[in-house]
Every structure is written in C-alpha cells, then in structure tokens.
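J.: So that we are looking at the same thing, I have put the structure below in structure tokens.
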C-alpha cells in the first residue's frame with residue numbers, strides 16, 4: 001500500500017514548480033540563480049473581450065461592413081474612438097465602448113480586448129532554474145531544511161523567522177506581537193483568538209507559522225494579506241518534537257513560507273512532495289544532499305506520524321504490518337503495530353499513518 005509522505009528534513013534538495021495562472025512569457029533561463037523576490041515569468045491577466053456588432057448598429061448587411069470599418073486588427077483604440085461610420089448628412093458611426101486592442105474583425109463584428117494587468121511570478125525560494133515549462137512557469141532547484149504542514153491560506157512570502165514560542169505546546173499570545181517584529185515571519189503556538197491575525201496585520205508581519213488553530217478562525221486566516229501555515233491541524237495540538245527542534249534551531253534565518261494549497265488535478269502540477277504547504281529554510285552546502293523520496297510504501301522500521309482526529313499527532317516506528325487486523329472499534333482493516341516515542345506500542349490503521357522522511 002502506498003503511504004502518504006510528510007517531510008521534516010534538516011537538509012534536502014528540493015524541486016519546486018512555479019506556474020503562471022495563464023500562458024505568458026518566461027524571462028529567466030535554465031541554470032540561472034534566482035532570489036525569492038526575482039520575477040521568473042510574467043503574463044497579462046484579467047483581460048476581457050467585447051464584441052461590437054457593427055452591422056446591427058449601422059443597420060447594414062454584413063457583406064457591406066468592411067467598406068465602413070475605420071480600424072485594423074492589432075490597432076489600439078481609446079474609449080469612444082470611431083470604429084466604423086457611414087458617410088453623408090445622415091451617416092451613423094460606431095464608437096468603441098472601451099479602450100483596448102482590436103483582436104478580430106469579421107462577420108460584421110469587431111472584437112476588442114480590454115483590461116489586463118501584468119502578473120509577475122516570483123521565484124519564492126532561492127535556487128537555480130532547473131527547467132522551464134513551456135510558457136507557463138519554471139522548476140527551481142534548491143537546498144535546505146524542509147518542514148511540511150497540513151493547511152495553508154494560499155499565500156507565499158519570504159523573510160526572517162522569529163519565534164514567540166518557549167515550548168512545543170502553548171497558546172499564541174497576540175500581545176507578544178510588537179513593533180520589533182514588523183516585517184518578519186512569526187513562529188507561534190495554537191491560535192485561539194482572532195486577535196492574533198488582527199495584531200499581525202496591524203504590525204505588517206510577513207507570515208505566520210502556527211502549531212494548530214481553532215477551526216472557527218479559518219475565514220479570518222484566509223482574509224489576512226500574508227501567508228498562514230498550520231503545522232499540526234485544527235483544535236489544540238502540540239507541535240511534534242522533530243518539527244519544533246528543526247524550526248526553533250533555525251530562528252533568525254531567512255525562510256520561504258509557502259502556504260499555497262496546490263491543485264492536485266492540474267495537468268501542469270508536478271505530482272511530488274510540494275503538494276503540501278511548507279516552510280523551506282535555505283542552507284549553504286558543500287555537497288548537494290539527495291532529494292526526498294517521492295513515493296513510499298509502508299514497511300517495518302519506518303518512522304511514522306500517527307494521526308487521529310481526536311488526539312494530537314504522535315511519532316513512532318512501524319514494528320510490524322498487519323494486512324488485516326481487528327481494531328479496538330471492532331472494525332477490520334490493514335494496520336501496523338507502531339512503537340511510539342514514549343515506548344508505548346499501539347495498533348493503528350494504515351489510513352491514519354504518514355511516513356516521515
């Protein structure tokens with residue numbers, strides 16, 4: 001049985017895909033180094049097409065329209081500029097309903113493309129361009145620490161991480177967010193109060209990494225202007241020891257916080273370990289470490305995270321696989337005997353296990 005993977009790695013080589021929302025232009029080459037704020041591709045988004053029925057407005061047959069057209073395909077026009085007109089004392093004219101570009105003329109109609117703004121796709125992480133994906137995006141290769149979470153609010157940023165945590169199981173105290181933390185990414189505990197998001201917004205922080213969150217605050221988290229990453233889940237849960245150790249030992253480093261929730265069904269999305277929101281800690285290396293495994297199957301000796309809705313996540317090691325076992329709730333399912341870090345041994349369904357690696 002294939003196992004879900006979650007990565008908590010002090011050092012790894014990762015490949016991350018950055019995609020434009022529409023076709024555009026790649027402005028950086030393979031092998032080029034990039035910083036998180038560098039633009040790697042751009043596209044025009046938000047364009048609309050207006051169809052002007054010239055034949056109808058002039059009350060003439062379609063075959064006669066070309067004689068009265070005053071513009072050409074590719075021409076830029078301003079609002080109320082004359083597109084077509086008939087001569088004479090009682091002649092009529094057709095004006096452009098908006099500023100734009102003429103993209104088609106035919107069948108008695110003119111099509112005008114309006115609006116549109118330049119969307120700049122940022123690298124998001126420091127690394128090297130490993131591949132370009134047509135006119136849609138790039139793949140960036142980078143090395144550093146990697147910590148993946150369970151939920152993000154869809155945003156991405158880069159900045160210095162500061163911690164407000166003294167231990168892995170504590171509340172995020174909103175009163176501790178002060179002006180000295182402006183422009184940083186904050187590491188905090190369980191979020192129980194919307195005041196955390198209010199204070200963070202008021203002081204212009206660049207992101208929040210939180211242990212867990214009250215599910216009633218989901219909408220508030222979606223509305224803030226910076227990325228929010230939830231590491232362990234909803235309802236109060238402690239940060240797992242491995243995650244806490246890796247993050248707390250890298251405080252004051254610059255990190256990439258990617259709280260985007262990738263579209264697993266997109267044909268252009270790379271079906272890889274980036275299908276989780278994550279924290280990436282760029283680190284210098286003398287020799288490039290290996291890439292994380294992309295696919296894993298359950299096996300004895302594997303480190304796993306045991307996930308139950310009613311309990312905090314616990315870490316342990318698979319001792320033995322049980323193809324069909326009778327669970328405490330009376331159901332039969334594929335399961336594993338797991339020795340927890342506390343020494344306790346439990347029987348857990350495979351559907352409740354994630355391989356850590």
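J.: Given the options 284, 300, 349, name the one that is more than 16 Å from residue 5 (Cβ to Cβ) and within 28 Å of the chain's Cα centre (by Cα).
T.: Matching residue, one of 284, 300, 349: 284.
J.: Now, a different point. Quick one: is residue 44 closer than 21 Å to residue 115 by Cα and in a strand (DSSP E or B)?
T.: So residue 44 passes the test.
J.: Any idea how many residues of segment 1-19 are part of a loop (DSSP other than H, G, I, E, B) and at pLDDT below 85?
T.: Result for segment 1-19: 2.
J.: Out of everything in segment 267-285 that is modelled with pLDDT of 55 or more and loosely packed, with under 15 Cβ neighbours inside 10 Å, what residue ends up being farthest from residue 153 (Cα to Cα)?
T.: Per the stated criteria, the residue is 285.
J.: Still on this structure, I have one more. So residue 109 clears everything in (1) within 29 Å of residue 136 (Cα to Cα); (2) surrounded by 12 or more Cβ atoms within 10 Å (Cβ to Cβ); (3) touching a residue at least 40 places away in the same chain (Cβ under 8 Å) except one condition, right? Which one?
T.: Single failed check for residue 109: (1).
J.: Hey, can you tell me all the residues within segment 214-258 that are more than 19 Å from the chain's Cα centre (by Cα) and over 26 Å from residue 283 (Cα atoms)?
T.: Residues satisfying the conditions are 214, 215, 216, 217, 234, 235, 236, 237, 238.
J.: Of all the residues that make up segment 302-311, how many are at pLDDT below 85 and assigned to a loop (DSSP other than H, G, I, E, B)?
T.: Adding up the residues that qualify gives 2.
J.: Criterion first (at pLDDT below 90 and in a loop (DSSP other than H, G, I, E, B)) does residue 314 satisfy it?
T.: When the stated conditions are applied, residue 314 does not pass them.
J.: Go through the residues of segment 1-18 one by one and say whether even a single one is loosely packed, with under 12 Cβ neighbours inside 10 Å and within 26 Å of the chain's Cα centre (by Cα).
T.: Yes, segment 1-18 contains a residue that is loosely packed, with under 12 Cβ neighbours inside 10 Å and within 26 Å of the chain's Cα centre (by Cα).
Residues are listed down the side, and each one gets a yes or a no for (1) within 47 Å of the chain's Cα centre (by Cα); (2) surrounded by fewer than 13 Cβ atoms within 10 Å (Cβ to Cβ); (3) assigned to a loop (DSSP other than H, G, I, E, B):
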| site | (1), (2), (3) |
| --- | --- |
| 66 | no, yes, no |
| 71 | yes, no, yes |
| 84 | yes, no, no |
| 87 | no, yes, yes |
| 91 | no, yes, yes |
| 94 | yes, no, no |
| 97 | yes, no, yes |
| 103 | yes, no, no |
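Condition check ((1) assigned to a strand (DSSP E or B); (2) touching a strand residue (DSSP E or B) at 6+ places or on another chain (Cβ under 7 Å); (3) in the same structural domain as residue 12 (by TED's automatic domain parsing)) across all residues:
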{"site": "290", "(1), (2), (3)": "no, yes, no"}
{"site": "300", "(1), (2), (3)": "no, yes, no"}
{"site": "325", "(1), (2), (3)": "yes, yes, no"}
{"site": "330", "(1), (2), (3)": "no, no, no"}
{"site": "333", "(1), (2), (3)": "yes, yes, no"}
{"site": "336", "(1), (2), (3)": "yes, yes, no"}
{"site": "348", "(1), (2), (3)": "yes, yes, no"}
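The values are calculated or read from the model by the stated rules, or taken from the named source; none is laboratory data. Treat the numbers as computed from the prediction; the structure is a model and nothing was measured. No Cβ is skipped: glycine too gets one built from the backbone with ideal geometry, and neighbour counts run over all protein chains shown.
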